[in-house]
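Presented below is the structure to which this report refers.
Each reported figure results from applying straightforward, stated rules to the coordinates on display, with no laboratory input. All of these numbers come straight from a predicted model, not from anything done at the bench. A quick note on method: Cβ atoms are made from the backbone with ideal geometry, for glycine too, and the neighbour counts reach across all protein chains shown.
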Amino acid sequence: MMKIAIIGTGYVGLPTGVGLAELGNRVVCVDKLTDKIDKLNRGELTLYEDGLEELFQKNVAAGALSFTTDMESAVKDADVVMLAVGTPPHPLTKEADLKYIYAAAEELARYLQGYTVVATKSTVPVGSGDEIEKIIRKVNPKADFDVVSLPEFLREGFAIYDFFNPDRIVIGAESNKAREVMLNLYQPFVGKSEILCVKRRSSETIKYASNAFLAMKIHYINEMADFCECADADIKEVAKGMGLDSRIGKKFLNSGPGYGGSCFPKDTNAMAQMGRKFGAHLTLIETTIAQNDARKSMIGRRVIELVKERPEGKIAVLGLAFKGGTDDCRESPAIDIVKEMIKHSRNIMVYDPKATENAKTILNNTVQYAESVDEACRDAEVAVILTEWEDFKHLDLKRLKKIMRCARIVDMRNMLSLDEVQQLGFDYQCVGKKIK
Ligand code: UGA
């Protein structure tokens, strides 16, 4: 059993805290936001993740997991302090903004007692570990500590599954002592997952290089989808054929409206920025960023073009979250596509099973919000599917045909069965296949 303090209770900190408590450690999660900590202490979760609730309740009840705003009480006894605060992109430079993580390092430094490993879970630019080390040493020259990089590879919506079934655990440590502590913490994964010990700067790079590669993979399949539309091929068949080559792999070959979320856009931009800073230009990543952005505007314009004969007509948008299974709308392609359509002053009604409240904080009153698929689609000229919610796979198409003004669907997640929509006489467009 180890004593762990986790600073930051967001999408990374909270599932990690719950997971580590479930593995038998004593975990204290710290956050500056009193409301959030009060809520967690009342036994209420502050974000939705599949499977999180049950483990959260169980470990709180067992006394293995607790929450506080008091950094001192959490840090002074800890064997490991994990930094899991946000590193949002700076609005101007797009570099990862490190003010929260540096402030946390400065604060925790005062309370370190005995040997402690400070592990950075937040995604931070290469070299940040050195900076965090300097900050802690400056505030507390006598502290006995090491800073390690411990990148996070959890996906939103699958955080608990990914926590217990990681492909790999990467530990970037500069001392044997710190490496031993981390290997001890991750002992339960020995024999199940690959545990890789590397230099701290390599570990920091692995995180960005992985996310940027996955973003490029999505951009690649989206470009192939555009090619297939022009060349009369079918991207689903092409992706299947490519994915059967184990060197390429089946995953992340779903073409769609472009990648989004709080990670890929931020991390590709930060990686490109680092390339410029270190004088090693990352041209593939630069192109991916530009073309992924262009794709979202292109899709918005494509829908507008489809319904141009009735400028006053209604456009129904199904899905606002950046992917299915989450209420997160940060950098969601759906939101950018809606914004592009708003530029053409269209009458837009949106529906999402989970993300409407978050979308409202971005789109405000520029669109109307529906509480059901039916409400969004009633009298609409077109229904545009932008997020791959399971519910949308099972749309009652017969009913939609009756209530829409025009039986027309643009399916940007390739969710519907072509046979079914065509049998019902829908005018249907999808990604990567020209429908005749
Ligand atoms: C991503 C990575 O997958 C995680 O490994 C990583 O830990 C995380 O970022 C992070 O850095 O914290 P996440 O942002 O939750 O996780 O989302 P993904 O499931 O990777 O999807 C990202 C975007 O790519 C979504 O907009 C999704 O719709 C899109 N996507 C994904 C596709 O368009 N096609 C695909 O085949 C896969």
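The residue among Val350, Pro333, Gln113 whose Cα reaches farthest toward the positive pole of the charge dipole of the chain, with charges on the beta-carbon of Lys, Arg, Asp and Glu, is Pro333.
Secondary-structure-derived ellipticity at 222 nm for the chain, considering helices only, amounts to -13500 deg cm²/dmol, per-run term -39500 (n - 2.57) for DSSP H runs with n ≥ 4.
When the gyration tensor of segment 71-134 is built from Cα positions, what are the square roots of 5 times its three eigenvalues, in whole Å, from largest to smallest?
Values: eigenvalues 112, 24, 17 Å².
Whole-Å semi-axes of the equivalent ellipsoid: 24, 11, 9.
Using Cβ point charges alone (K and R +1, D and E -1), the dipole size of segment 316-436 about the Cα centre works out to roughly 480 debye.
When its C-alpha radius of gyration is set against 2.2 N^0.38 Å (N residues), segment 158-208 gives a value of 1.15. Stretching Glu174 away from Asp396 to a fully extended chain increases their span by 74.2 nm, per 0.36 nm per residue minus the current alpha-carbon distance.
Gyration tensor analysis over the Cα atoms of segment 1-104 returns equivalent ellipsoid semi-axes of 23, 16, 12 Å (largest first, whole Å). In angstrom, the C-alpha Rg and Dmax of the chain are 23.6, 75.
Spin-label model, Tyr161 to Glu44: label points 7 Å out along the Cα-to-beta-carbon direction sit 2.9 nm apart. Compared with the dominant Cα axis of the chain, that is its longest principal axis, helix 200-231 is turned about 10°.
Given Cβ point charges of +1 (Lys, Arg) and -1 (Asp, Glu) and nothing else, what value in debye, to the nearest 20, does the dipole of segment 144-294 about its Cα centre take?
Value, rounded to 20: 500 debye.
If a paramagnetic tag sat 7 Å from the Cα of Lys76 along the Cα-Cβ line, which residues of segment 100-141 would have the backbone N under 12 Å from that point? Within reach of a label on Lys76, which here means backbone N under 12 Å from a point 7 Å along Cα→Cβ, segment 100-141 contributes 111-114. Paramagnetic label reach from Leu183 (point 7 Å along Cα→Cβ; backbone nitrogen cut-off under 18 Å): within segment 129-150, residues 146-150. Comparing Ser175, Tyr208, Cys197 along the charge dipole axis of segment 169-262, the residue lying farthest to the positive side is Ser175, per the Cβ-charge model.
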